[in-house]
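As C-alpha cells, the structure follows; a few thoughts come after it.
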Amino acid sequence: MYPGAEGDANEKKTPVSFLKRFYFSLNQFMTSKTFCILPWKHLFVGNSGRFFPCCMTEHQETYLCNPEHKELSAKKRTDWKLAFNSPQILEMRRQMLEGLRPEICQKCFTLEDQGNVSHRQVQNALFFNHYTQKQVDFSSGPRDLSEVLSLDLRPGNVCNLVCRMCNPETAMGWLAEWEKLYPGDLDEEEKKEYTKLDWFESFEINNFLGLKKLHFAGGEPFLCKEIPTLLKKLIKDNRAHEIHLSFNTNLTLIPFWVKETFPYFAGVQLMVSLDGIGLVNDYIRYPSKFSLIEKNLFYIDKNFDSLNLVEVNILSTIQLYNSFSLTDLFLFPKQFKSIKSDLCINYLFDPYPLSIQVLPSKIKDELTNRLNIFLENKSLSSQDIENIKSIIKFMNEKDLSGLFSEFCRFTNILDKSRKQRVQDFITELPQW
C-alpha cells in the first residue's frame, strides 16, 4: 500500500497497480518504511558513465539498462531519459508504492534494521525540507527529465590520491597497484577505459530545467576541468541562484574557480573526506599530507560566508585502518567555528577485507572497551554518542574475521608498493 493510503477510506483496499495517478502528502511518506524519493526525482551517474539508482547501489552491478537489457550510457544523450524510466527504476517505484522493499535497496534497509540512519531517510528529509511542495504528484509510470530535481554525478576518475579503499574506476592512479593485488582482473579494454573516463564531456545541463540540487564527487571534482565550465554556464543562463551545489572533496586543493563561482549559487555544501588525523590520514589517503588538508580546512572555516557555504562536514569512512584512531577523528572537528563539529560517518562495505567487521574477536573486544570509555568524554555531542554506539554495534554484528588473512595480503602488497608499514600507524594490530 502506498504511503498515506491508510487514511483514505475510499482507496485503502485499492491495489496500486490499478492507480494511474495519485497525490499524497510528503509528511506521510516521511514515516514510510519503504518509500524513497530518489526514483522519482533523482539521477546518479557513476565514474564510468553508467547509470545507477543512487550512490548506495553503485558497487552492486545494478547499472540501469533499457528494456532489451542493454546497458545505458551517459555518453548518449538519448539514454538519460531511458535511464530515468528504465525497467529497474519503474519496478522500484511500483514496489515502494506497494510498501515493498526493493532488493536493490538492501544497503539502506540493513542500516535501518540495525538502528542506523540510512541514505533513504536522509534524502527523504532533504527533499521534504528544501526541494518539493507539500503535495506531490507521483505515479509508478514514466517521468520526464524536467521532473529531475537532483543530480549526483561522478565525472571520471581523475584524482591526485590513491586511497587504500579505492579502485581504478574512481582513481586512475590505482591501475598499476590493482594489477599487483588482482593480476588479470582487468582486461586490456577495461584498462584502456580507465585511463580516460570522459562521459562528462558530453553532458548537457539544459535537459534538466527543474534542477535544484547538483552534487559532484570523484575522483576529485576540484580537479575536473569541465565542472567550472558547467558552473559558469549556469551563472550565464541565470539559473545558478536556483541550484544548491554540493561536493565530496579530499580538500588537498582549493582551485580559484571555487571563489569565482560559488557565490552565485543558492548555497554550497562540502563533504570533506578525512579518514585519519596526522600520519593515519597520510597512510590511508596516500599520498596526501594531513598538514595541507588541515590548512585548507581552516581557510574554509575562516571564509565560510564569502564562499557562500551553507554547510561543511568532515566525513570519515569507518574501516579497519582507522578503527583505533576514531577518538582523534571525533574530537578533531570541535575546534572549528563554522565547520560542523559533529563528525559524519559512513561504513566501508567494499573492499570487504578492510571492513571493521573483519577484526579478530579479541581486538574487537579491546576496541569496544576503548570506545565505551570514550563515550564518557564531555566534548561529545548527542550525535557523536549515537554514531559511536552505532560503530560498536556495526562492528560486532558480523564476524568476518575469516577475511583477516586477505586484509593482511592486501595490506602487505600496498605497503611494499608505497614503502609504508601498517604497524607504524596501527600499533594495536597483531604482528603477521
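What follows draws every value from the coordinates through simple rules; no lab data is involved. What you see is a predicted model; the values in this text were computed from it and never measured. Because the Cβ atoms are built from the backbone with ideal geometry, glycine has one as well, and the counts that use them run over all protein chains shown.
Some notes on this structure:
- Proximal charge balance of Arg370 [Cβ under 11 Å; K/R count +1, D/E count -1]: -2
- GluC sites (Glu not before Pro) restricted to DSSP loop in region 138-213 with at most 14 other C-beta within 10 Å: Glu204
- Average projection area in nm² (convex hull over Cα atoms of region 81-171, one quarter of hull surface): 8.5 nm²
- The length gained by stretching the chain between Thr229 and Lys180 to full extension, at 0.36 nm per residue less their Cα-Cα distance, is 13.9 nm.
- Only one residue of Ile314, Gly99, Leu126 has its Cα farthest out toward the positive end of the dipole of the chain, where Lys and Arg carry +1 and Asp and Glu -1 on Cβ, and that residue is Leu126.
- If R0 is taken as 22 Å, the Cβ-Cβ distance between Lys70 and Glu188 corresponds to a FRET efficiency of 0.45.
- Charge dipole (debye, nearest 20) of the chain; +1 at Cβ of Lys and Arg, -1 at Cβ of Asp and Glu: 780 debye
- Over the residues of the chain, the helix contribution to mean residue ellipticity at 222 nm works out to -9000 deg cm²/dmol, using -39500 (n - 2.57) for each DSSP H run of at least 4.
- Antiparallel DSSP beta bridges within the chain, percent to nearest 5: 20 percent
- A Stokes-Einstein calculation at 10 °C with viscosity 1.306 mPa s, built on the Kirkwood radius of region 23-151 over Cα pairs, returns a diffusion coefficient of 106 µm²/s.
- Contour excess over end-to-end distance, with Cα ends at Glu204 and Tyr352 and 0.36 nm allotted per residue: 49.7 nm
- Partner aspartates and glutamates for Lys76 [C-alpha distance under 15 Å; skip if fewer than 8 residues away on the same chain]: Asp198, Glu201, Glu204
- Relative contact order for the chain, counting Cα pairs under 8 Å that sit 6 or more residues apart, in percent: 12 percent
- Simple label model, 7 Å out from Cα along Cβ direction - Val122 to Thr327, nm: 2.7 nm
- Rounded FRET efficiency, nearest 0.05, which uses the C-beta distance separating Val310 from Lys389 and R0 of 30 Å: 0.60
- Residue-wise HN-Hα coupling along region 300-306, computed from phi with Karplus coefficients 6.51, -1.76, 1.60 (Hz; x: Gly, Pro): 4, 4, 6, 10, 3, 6, 5
- Region 148-273 pair-distance distribution - Cα-Cα, 5 Å bins, rounded %: 2, 10, 20, 21, 17, 12, 9, 5, 3, 1, 0
- Taking label points 7 Å from Cα along the Cα-to-Cβ direction, Tyr299 and Leu375 give a separation of 4.0 nm.
- When each of Lys107/Lys213; Lys393/Lys419; Lys33/Lys362; Lys340/Lys398 is checked by Cα-Cα distance, pairs over 27 Å: Lys393/Lys419; Lys33/Lys362; Lys340/Lys398
- Compared with the dominant principal axis of the Cα atoms in the chain, helix 361-374 is inclined by about 80°.
- Lys, Arg +1 and Asp, Glu -1 on Cβ, resulting dipole of region 23-151 about Cα centre, debye, nearest 20: 260 debye
- Shape summary: region 174-245 maps onto an equivalent ellipsoid whose semi-axes, from the alpha-carbon gyration tensor, are 34, 12, 10 Å in decreasing order.
- C-alpha long axis of helix 382-397 to longest principal axis of the chain, angle in °: 80 degrees
- Taking 7 Å steps out from each Cα toward its Cβ at Ser405 and Asn129 produces label points 4.8 nm apart.
- Cut-off 15 Å between beta-carbons: net charge of the residues surrounding Leu329, Lys and Arg +1, Asp and Glu -1: -2
- Legend: Rg and Dmax of the chain, from Cα coordinates, 22.2, 69 Å.
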